[in-house]
Each structure stands twice: as structure tokens, then as C-alpha cells.
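Worksheet: one structure, shown below.
What follows is calculated from the coordinates using simple rules that are stated; it is not laboratory data. Worth saying up front: this structure is predicted, and the values here are computed from it rather than measured. Methodologically, a virtual Cβ is constructed for each residue, glycine included, from the backbone with ideal geometry; neighbour enumeration extends over all protein chains shown.
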Amino acid sequence: MVKAGAWVLAIAFGIAASQVQAFRAINSHEVFAVDEDSFEVIRSTHSGPAPVWCAAGDYAQSVRGMRSNARIFIERGPGPSVTRPGRISFVFTSAVPTGFDPAEPRPLSLDLGRIGDSLSVVSAYMYCIDDWVRDP
């Protein structure tokens with residue numbers, strides 16, 4: 001009976017673990033689905049805005065299959081990870097965030113803390129290419 005219980009736990013843990021699999025972006029950042037519209041990029045040590053946008057763009061096109069001109073929005077700035085307790089993440093969404101006014105003028109920047117800031121998938125992915133050019 002103990003062995004049967006252990007098998008049930010092992011199978012249950014395996015199913016739970018398989019449901020939360022990381023996508024490893026081209027720049028090695030981990031990205032996890034949060035829900036059908038949102039996903040989070042896990043911050044790496046000393047990770048600035050460009051690598052985070054790179055990972056978001058890579059995930060949006062590689063996993064979600066979003067068109068290159070589709071927009072990804074910041075849904076939540078730096079905060080506790082939903083999928084990796086103890087880590088810091090940035091949550092992106094393909095849907096316009098609640099309370100965001102698209103008519104409000106916004107400065108062009110890579111600030112990861114402003115909800116509603118967005119880039120097209122291809123513009124976000126270009127930060128991956130920019131990183132390759134600078135890397136000797």
C-alpha cells in the first residue's frame with residue numbers, strides 16, 4: 001500500500017511539473033505561461049530591460065505563434081514570480097492591460113515598470129539580435 005501511495009504521488013508530481021515547463025529564450029532567460037494571454041520572464045542576475053524584452057519577443061513568436069506585428073504589453077513590472085517562488089519576474093500580455101489608456105501619450109523607453117508599455121513582437125525580438133552584434 002505504501003508503494004502504491006508513492007507511485008500516486010510521483011505521478012501527480014510529474015503531471016504538475018510537466019504543466020509548468022520553462023521555455024528557455026535564445027538569451028537563456030526562462031519564460032513561463034501564466035494564463036492564455038500572459039507570460040512571465042524570470043529576471044536573471046544583472047538583467048536589464050533589453051534582455052527581458054528579447055526573451056518576451058522570442059517566447060511570443062516561438063511558443064505563442066504571435067505575428068511579428070502583434071503587440072506585447074507589460075502587465076506587471078518587477079515583482080514576485082507566479083511560477084518560480086523566490087524569483088523576480090516581469091509579466092507580459094498579448095491583451096491590452098486593464099486600466100491602460102492607449103490614447104495617453106507615453107515616452108519611448110524600455111522601462112519595465114510602466115504597465116501598458118508595449119513593443120511589437122519583432123521589435124522585442126530585435127533586442128536579441130542587438131545582443132548578438134555586441135557579443136564578441
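Once you order the gyration tensor axes a ≥ b ≥ c over the Cα atoms, which shape class does region 22-134 get: rounded for a/c under 1.5, otherwise prolate or oblate by comparing a/b with b/c? Rounded shape, in that the Cα axes give a/c under 1.5. For S109 and S62, the difference between the fully extended length at 0.36 nm per residue and the C-alpha to C-alpha distance is 14.5 nm. For region 17-119, GluC sites (Glu not before Pro) meeting the loop criterion (DSSP other than H, G, I, E, B) and having at most 15 other Cβ atoms within 10 Å: E36.
Summary of packing: across the peptides 102-113, 51-62, the per-residue average of other C-beta atoms within 10 Å ranks them, highest first, as 51-62, 102-113.
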